[in-house]
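The structure appears right after this line, and notes come after that.
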Amino acid sequence: DTEVTQTPKHLVMGMTNKKSLKCEQHMGHRAMYWYKQKAKKPPELMFVYSYEKLSINESVPSRFSPECPNSSLLNLHLHALQPEDSALYLCASSQVVLAGGSGELFFGEGSRLTVL
Amino acid sequence: GEDVEQSLFLSVREGDSSVINCTYTDSSSTYLYWYKQEPGAGLQLLTYIFSNMDMKQDQRLTVLLNKKDKHLSLRIADTQTGDSAIYFCAESNQGGKLIFGQGTELSVKP
């Protein structure tokens, strides 16, 4: 199983809603990532979890709250988002955190978020 | 600072070779990567090259690395319509981050 599964595939929410994005992998990877991608732009790193601990937060606004309940699951909790937060949110995993190493990142298909 | 640059568009005819170019600035990068993203999908790792290599070939894909000029290229032989996608060059820095280029949109015409 070399898949990273993300749910939901599409999400539409209002600015006052609370919702969550979910990501799951069963490859035994110990590093998991959230990226944000706008149309036809490269992915931008948001968060990195290593061994279930948050290791990188790229100064992401607190309306995005990550959670790593166990080594297979990664959530992104969303609250009071803005229309400019509409984007494709990609989850990825790797065996360990890249540190100039060859750790291949496996990406999910993404959750397309629209904030009204 | 770290920066990865690519041209934004490339158009080729089916059966021709495609060459996508990339320049990077971080000379300490140990690995350099090529990712492919089809419309509506996530990113798929196509290939990567270790920084002490000049070339890597994998079926229709050839990666060339000029470390002195910090230039990376991806050649796709016998390009097919299914190769139409956005191709991202990326380097990994010592902090464990993957730095992506802006992506090259490859359009393959029949």
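Stretching the chain fully between residue A:55 and residue A:82 yields a gain of 7.2 nm (0.36 nm per residue, less the alpha carbon separation).
Counting only other chain Cβ atoms within 10 Å of each residue's Cβ, the peptide B:25-36 averages 2. Cβ-to-Cβ counts within 10 Å put A:10, A:26 in ascending order as A:10, A:26, the fewest first.
Listed by Cβ neighbour count within 10 Å, with the fewest neighbours leading, A:29, B:71 appear as B:71, A:29. Restricting attention to chain B, close to 90% of DSSP beta bridges with both partner residues there are antiparallel. Quote the FRET efficiency, to the nearest 0.05, computed for residue A:9 versus residue B:59 with a Förster distance R0 of 41 Å and r equal to the Cβ-Cβ distance. Computed FRET efficiency for residue A:9 and residue B:59 comes out at 0.85. The alpha carbon radius of gyration of the protein assembly as shown, expressed as a multiple of 2.2 N^0.38 Å, is 1.03. Evaluated on segment B:14-98, the Kirkwood hydrodynamic radius is 13.4 Å, with distances taken between all distinct Cα atoms. Comparing A:12, A:47, A:37 along the charge dipole axis of segment A:6-116, the residue lying farthest to the positive side is A:12, per the Cβ-charge model. This model, with +1 at the C-beta of Lys and Arg and -1 at the C-beta of Asp and Glu, gives chain B a dipole about its Cα centre of some 140 debye.
No value in this document is a laboratory result; all are computed from the given coordinates. Given the structure is predicted, the values throughout are model-derived calculations rather than measurements. A quick note on method: Cβ atoms are made from the backbone with ideal geometry, for glycine too, and the neighbour counts reach across all protein chains shown.
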